[in-house]
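Novice: One structure coming up, written as C-alpha cells, with questions to follow.
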Amino acid sequence: MTNDIYSAPAAALEQPVETASEKFYVVAPLKFWVLFLSTVGLYQVYWFYRHWHQFRMVTQEKIWPVPRGLFAIFFVHRLFREMDAAVKQKTGGVAWSPDLVATGYLLGAVVSNVCDRLSGKDVGSPYTDVVSLVLLPLVGWFLYQAQQVANLAMGDAAGASNRQFSAANIVWIVLGCLFWALVALVLLVIFMPDQFGLE
C-alpha cells in the first residue's frame, strides 16, 4: 500500500460475475408436488424453463429457455437425455429410461391438452374435464421421475438446496387452491344439481 493519498484505491472494484454451477434445476420432492398440483400443472412451464435456463448457463449453448418451457413437448426427449448423461457422469447411471419417461410425459400432456380444448368447445364436457384432471398426476409423475434424476446428477438427491417456499410460490399455491375450489364446486353442480336446487 502506498502512502500517496491522491492515488486510486488499490482494492479491486469489479464485482465477480455470478455463474450457474448446476446444469439442471434442483427442487425438493414436496415442493415439486405442491407446486405442480396446486397450480393445476402450470408449474411445468416454469419447470422446463428453469431446466433449460440452467443448462444454457452452464453449457453456453445458444438456446431459448422460454420457448422450450412453453413448447416442452418438442424438447422433452433432449432434456431427459441430457439429464441421463449428467447422472451417468456423476453416479454411473440410474434405473430409468429417459426416452420412455419423455414419451410418457408427451402422451399424457398431449391427451390432457386435447381434452382441455374439447372441453372449451363443449365437446364431451364434463367428461373431458375429468379426463384432463385425472391425467394431471400422471403427467406430474413423469416429470417427477426426471426431477429425481436431475437432483441426483447435481449431487442433491433430496433437493435440500431448494426446499423452501418463496413468497411467489405461496401466491401461486393460494391462486391454485382457489381454482381447485372453483373446479370442485362446478363439478358438484354438474353431477349433483339436485343438491343446489338446479334440477
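The values are calculated or read from the model by the stated rules, or taken from the named source; none is laboratory data. Everything quoted here is computed from the prediction, not taken from an experiment. Heads up, the Cβs are rebuilt from the backbone with ideal geometry, glycines too, and the neighbour counts pull from every protein chain shown.
Novice: Determine whether N151 is in contact with a helix residue (DSSP H, G or I) (Cβ under 7 Å, 6 or more places away or on another chain) and either among the β-branched types (V, I, T) or surrounded by 14 or more Cβ atoms within 10 Å (Cβ to Cβ) (or both).
Specialist: no
Novice: May I pose another question? Restricting attention to region 116-148, which residues are of a type in the set (S, T, Y) and either in contact (Cβ under 8 Å) with a residue 40 or more places away in the chain or not in a loop (DSSP other than H, G, I, E, B) (or both)?
Specialist: Passing the criteria: S119, Y127, T128, S132, Y144.
Novice: Is it the case, given these coordinates, that N151 is in contact with a Gly (Cβ under 8 Å, 6 or more places away or on another chain), of a type outside the set (A, V, I, L, M, F, W, C) and assigned to a helix (DSSP H, G or I)?
Specialist: In short, yes.
Novice: If you don't mind, another one. If W141 satisfies every condition in (1) at pLDDT 95 or above; (2) surrounded by 18 or more Cβ atoms within 10 Å (Cβ to Cβ) but one, which is the exception?
Specialist: The number of the failed condition is (2).
Novice: Tell me the helices (runs of 4 or more DSSP H) entirely within region 12-115 that contain at least 3 residues that are out of contact with any Lys or Arg (no Cβ under 6 Å at 6 or more places or on another chain), touching a residue at least 40 places away in the same chain (Cβ under 8 Å) and surrounded by 19 or more Cβ atoms within 10 Å (Cβ to Cβ).
Specialist: Counting at least 3 such residues, we get 29-38, 43-59, 76-91.
Novice: Let me spell it out: the conditions are (1) within 18 Å of F36 (Cβ to Cβ); (2) at pLDDT 95 or above, and L178 meets all of them except one. Which number is the exception?
Specialist: (2)
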